[in-house]
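Just so you know, all these numbers are worked out from the coordinates, no wet-lab data involved. Computed from a predicted structure; not experimentally measured. Positions of Cβ are backbone-derived with ideal geometry, glycine not excepted, and every protein chain shown enters the neighbour counts.
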Amino acid sequence: MTEAQTYFELGNSSYSGGDYDQAAKSYRKALDIDSNLAEAYNNLGITYRLQGDYWRAITVFLKAIEINPRLDPAFDNLGVAYLQVGLSGNALAVLERAVEINPRNPRAFNNLGTAYDEMGDTERAIDAYQSACELDPGMKEAHYNLGLVYGIIGALDLSIREFKRVLTLGLSEGSSGEDADTRYNLALSYRRKGEYSKSREEFRMAIKLNPELAKVCYHKEENQMLT
């Protein structure tokens, strides 16, 4: 292992421990030694993005791609950063490139779905989220996003199916599976379908998990999904 790779691994260790400042320092040290380490630029960008420094993250993701034009995680991460600064069109372009490079990347498909959704292309958003779920059936975020989109377009049975899947996946992972936002949106779909007793039960469970949702349940429009 080279000295640069040693600092890169130190950065990964700090990142895994939630110490993003130290992770960034280690990644920068690795890049001081080897400025062509694309993976270090990618991971450095992730730490910047998690710290809310989105434009700095964009700069280093672009550098990673310049060094390695086939590093699909860098395209994916760049797409997420673009979404976070409101550049949906830019995000769409790089996320399409991410899945072109690696059509087995479920996270990129999920983020691509978000970009399509923000661009108003619901049909392609659904296709992308479905691809993410097919590639990784345990990806809760993709099932949740599908549930949201199905609910918005009125495909209530499908929306209910996806939200229930999210809760089931939570249980299979050993957690309680009690996700307040998921239960709130499941309640909305049940209510719009006319299944009021199930809707009331899900609302009660959502409020129990997050009492602040009581204000949402009573003061927001019936068709407003939590995202």
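Here the range 41-112 has an Rg and Dmax of 10.7, 29 Å, counting Cα atoms alone.
For the chain, the equivalent ellipsoid derived from the Cα gyration tensor has semi-axes of 37, 19, 15 Å, listed largest first.
Pairwise inverse Cα distances across the range 1-81, averaged and inverted, put the Kirkwood hydrodynamic radius at 12.1 Å. Relative contact order for the chain: 9 percent, from Cα pairs under 8 Å spaced at least 6 residues apart, divided by residue count.
The modelled label-to-label distance between Ser197 and Asp34, using points 7 Å beyond Cα along the C-beta direction, is 6.4 nm. Across the range 85-132, the volume of the C-alpha convex hull divided among the residues equals 55 Å³ per residue. Across the range 104-144, the residues whose backbone nitrogen lies under 17 Å from the label position 7 Å along the beta-carbon direction of Ala93 are 112, 115-116, 119. Listed values for the range 60-67 are Karplus-derived 3J(HN,Hα) couplings in whole Hz (6.51 cos²θ - 1.76 cosθ + 1.60, θ = phi - 60°), namely 7, 5, 4, 5, 4, 5, 4, 6, and x replaces Gly and Pro.
Gaussian network model of the chain, Cα springs within a sub-10 Å range: biggest mean-square fluctuation belongs to which of Gln84, Gln51, Gln130? Per the Cα network of the chain with a 10 Å cutoff, Gln51 tops the list. Ellipsoid fit via the Cα gyration tensor, the range 110-202: semi-axes of 21, 17, 9 Å, each the root of five times an eigenvalue, largest first. Helices in the chain, meaning DSSP H runs of at least 4 residues, each add -39500 (n - 2.57). Divided by all residues, the mean residue ellipticity at 222 nm is -24500 deg cm²/dmol.
How much net charge surrounds Ser35 when only other residues with a Cβ under 15 Å from its Cβ are counted (Lys, Arg +1; Asp, Glu -1)?
Result for the neighbourhood of Ser35: -2.
Measuring nothing but how far apart in sequence close Cα pairs (under 8 Å, 6+ apart) lie, relative to its length, the range 1-69 scores a relative contact order of 27 percent.
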